[in-house]
Amino acid sequence: QVRVVESGGELAQAGGSLRLSCAVSGRTFAFDKYAVGWFRQPPGKEREFVSSVSWTGSTFYGKSVKGRFAISRDVPNGMVYLQMNSLKPDDTAFYYCAVGEGPPEYAQGYDYWGRGTQVTVSS
(Lines give C-alpha, C1' and ligand atoms only; values in the text may rest on other atoms or scores of the structure.)
Protein backbone atom coordinates (compact mmCIF):
# COMPACT_ATOMS: atom_id res chain seq x y z
CA GLN A 1 0.00 0.00 0.00
CA VAL A 2 1.14 3.52 -0.81
CA ARG A 3 0.11 6.57 1.19
CA VAL A 4 -0.14 9.95 -0.49
CA VAL A 5 -0.70 13.19 1.40
CA GLU A 6 -0.82 16.65 -0.17
CA SER A 7 -0.33 19.98 1.54
CA GLY A 8 0.36 23.60 0.74
CA GLY A 9 -2.84 24.70 -0.91
CA GLU A 10 -4.12 28.13 0.08
CA LEU A 11 -5.41 31.44 -1.20
CA ALA A 12 -2.95 33.31 -3.40
CA GLN A 13 -2.92 36.44 -5.49
CA ALA A 14 -2.70 36.37 -9.26
CA GLY A 15 0.93 36.65 -10.27
CA GLY A 16 2.07 35.09 -7.03
CA SER A 17 3.58 31.74 -6.18
CA LEU A 18 2.73 28.69 -4.14
CA ARG A 19 4.49 25.42 -3.48
CA LEU A 20 2.50 22.25 -3.04
CA SER A 21 3.99 19.27 -1.26
CA CYS A 22 3.23 15.60 -1.67
CA ALA A 23 4.44 13.11 0.92
CA VAL A 24 4.64 9.58 -0.37
CA SER A 25 5.24 6.55 1.82
CA GLY A 26 4.70 2.82 1.89
CA ARG A 27 6.66 -0.37 1.95
CA THR A 28 6.12 -1.02 -1.75
CA PHE A 29 6.91 2.48 -2.92
CA ALA A 30 10.15 3.46 -4.59
CA PHE A 31 10.80 6.50 -6.75
CA ASP A 32 12.66 4.39 -9.30
CA LYS A 33 9.56 2.22 -9.82
CA TYR A 34 6.68 4.72 -9.81
CA ALA A 35 5.64 7.97 -11.36
CA VAL A 36 4.31 10.73 -9.11
CA GLY A 37 1.95 13.19 -10.65
CA TRP A 38 -0.18 16.20 -9.94
CA PHE A 39 -3.69 16.59 -11.28
CA ARG A 40 -6.25 19.27 -10.65
CA GLN A 41 -9.98 19.68 -10.86
CA PRO A 42 -11.31 23.20 -11.29
CA PRO A 43 -14.83 23.94 -10.04
CA GLY A 44 -17.41 22.41 -12.35
CA LYS A 45 -14.79 20.96 -14.68
CA GLU A 46 -13.11 17.63 -15.26
CA ARG A 47 -9.83 16.60 -13.72
CA GLU A 48 -6.79 17.54 -15.78
CA PHE A 49 -3.15 16.62 -15.82
CA VAL A 50 -0.78 19.21 -14.34
CA SER A 51 2.66 17.66 -14.02
CA SER A 52 4.48 14.46 -13.22
CA VAL A 53 7.90 13.02 -12.59
CA SER A 54 8.54 9.51 -13.86
CA TRP A 55 10.54 6.68 -12.33
CA THR A 56 13.54 7.82 -14.39
CA GLY A 57 13.23 11.42 -13.19
CA SER A 58 11.80 12.71 -16.45
CA THR A 59 9.29 15.50 -15.99
CA PHE A 60 6.08 16.26 -17.85
CA TYR A 61 3.80 19.28 -17.86
CA GLY A 62 0.33 20.12 -19.03
CA LYS A 63 0.10 22.81 -21.69
CA SER A 64 -1.59 25.32 -19.43
CA VAL A 65 1.17 25.22 -16.80
CA LYS A 66 4.30 24.65 -18.85
CA GLY A 67 6.83 27.36 -18.16
CA ARG A 68 5.11 28.44 -14.95
CA PHE A 69 5.08 25.29 -12.80
CA ALA A 70 8.00 23.07 -11.86
CA ILE A 71 7.93 19.61 -10.32
CA SER A 72 10.74 18.22 -8.23
CA ARG A 73 11.33 15.34 -5.92
CA ASP A 74 13.28 14.77 -2.72
CA VAL A 75 13.96 11.06 -2.87
CA PRO A 76 15.52 10.54 0.59
CA ASN A 77 12.55 12.21 2.27
CA GLY A 78 9.81 10.80 0.07
CA MET A 79 8.58 14.19 -1.10
CA VAL A 80 7.44 15.62 -4.42
CA TYR A 81 6.93 19.35 -4.83
CA LEU A 82 5.00 21.43 -7.30
CA GLN A 83 6.32 24.98 -7.49
CA MET A 84 3.64 27.16 -9.02
CA ASN A 85 4.66 30.59 -10.29
CA SER A 86 2.86 33.35 -12.15
CA LEU A 87 -0.43 32.07 -10.80
CA LYS A 88 -3.63 32.85 -12.65
CA PRO A 89 -7.26 32.72 -11.50
CA ASP A 90 -7.65 29.77 -13.91
CA ASP A 91 -5.25 27.81 -11.69
CA THR A 92 -7.96 27.72 -9.04
CA ALA A 93 -8.70 24.04 -8.44
CA PHE A 94 -8.46 21.13 -6.09
CA TYR A 95 -4.99 19.67 -6.60
CA TYR A 96 -4.34 15.98 -6.22
CA CYS A 97 -1.09 14.05 -5.97
CA ALA A 98 -1.02 10.51 -7.29
CA VAL A 99 1.35 7.58 -7.57
CA GLY A 100 1.36 4.90 -10.20
CA GLU A 101 3.19 2.92 -12.81
CA GLY A 102 2.20 5.29 -15.59
CA PRO A 103 1.98 6.42 -18.28
CA PRO A 104 2.98 9.57 -16.36
CA GLU A 105 0.63 11.96 -18.17
CA TYR A 106 -2.63 10.07 -17.80
CA ALA A 107 -4.82 9.67 -14.74
CA GLN A 108 -5.42 6.04 -15.67
CA GLY A 109 -1.77 5.41 -14.96
CA TYR A 110 -2.13 6.15 -11.26
CA ASP A 111 -3.36 3.79 -8.59
CA TYR A 112 -2.86 5.75 -5.38
CA TRP A 113 -4.35 9.16 -4.81
CA GLY A 114 -4.25 11.68 -2.03
CA ARG A 115 -7.27 13.57 -0.75
CA GLY A 116 -6.21 16.79 -2.41
CA THR A 117 -5.52 20.35 -1.41
CA GLN A 118 -7.40 23.49 -2.46
CA VAL A 119 -5.66 26.25 -4.37
CA THR A 120 -7.55 29.48 -4.90
CA VAL A 121 -6.09 32.30 -6.95
CA SER A 122 -7.74 35.68 -6.69
CA SER A 123 -7.50 38.33 -9.39
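Amide H neighbours of R73 under 5 Å, at least 5 residues apart or on other chains, H built in the peptide plane: list them.
Those lying under 5 Å, H to H, from R73 are Y81.
Quick one: compute a quarter of the convex hull surface over the Cα atoms of the chain and quote it in nm². Can you show the working numbers first?
Values: hull surface 26.7 nm².
Averaged projected area of the chain's Cα convex hull equals 6.7 nm².
Please give the net charge around S123, taking every other residue with its beta carbon less than 13 angstrom from that of S123, where Lys and Arg add +1 and Asp and Glu add -1. Show your work: numbers first, answer last.
Numbers: positive: K88; negative: D90, D91.
That sum, taken over residues with Cβ under 13 Å, equals -1.
Skip the ligands, DNA and RNA, and give the accessible area per residue of the range 1-71 with a 1.4 Å probe, whole Å². Intermediate values should be presented prior to the final figure.
Details: 3900 Å² over 71 residues.
About 55 Å² of surface per residue is accessible.
Compute the accessible area per residue over the range 74-118, keeping the other protein chains in place, probe 1.4 Å, unit Å².
Details: 2250 Å² over 45 residues.
With the other protein chains kept in place, the range 74-118 gives 50 Å² per residue.
Taking all protein chains as present, what is the carbon and sulfur share of the accessible area of the chain, in % to the nearest whole number, probe 1.4 Å? It would help to have the intermediate numbers written out before the result.
Numbers: 2970 of 6510 Å².
The nonpolar share, carbon plus sulfur, comes to 46 percent.
Over the alpha-carbon set of the range 1-48, work out the extent along each principal axis and list the three values in angstrom, largest first.
39, 23, 16
How much length, in nm to one decimal, is gained on full extension between A30 and D90, taken as 0.36 nm per residue of separation minus their Cα-Cα distance?
On the way: separation 60, 0.36 × 60 = 21.60 nm, distance 3.31 nm.
Extending this stretch completely gives an extra 18.3 nm.
The values are calculated or read from the model by the stated rules, or taken from the named source; none is laboratory data. Owing to the predicted nature of the structure, the values given are computational and were not obtained by experimental measurement. Counting neighbours? That spans all protein chains shown, and the Cβs are built from the backbone with ideal geometry, glycine included. All accessible areas refer to the heavy atoms of the entire protein, side chains included, with ligands and DNA or RNA removed. Shrake-Rupley method; radii C 1.70, N 1.55, O 1.52, S 1.80 Å.
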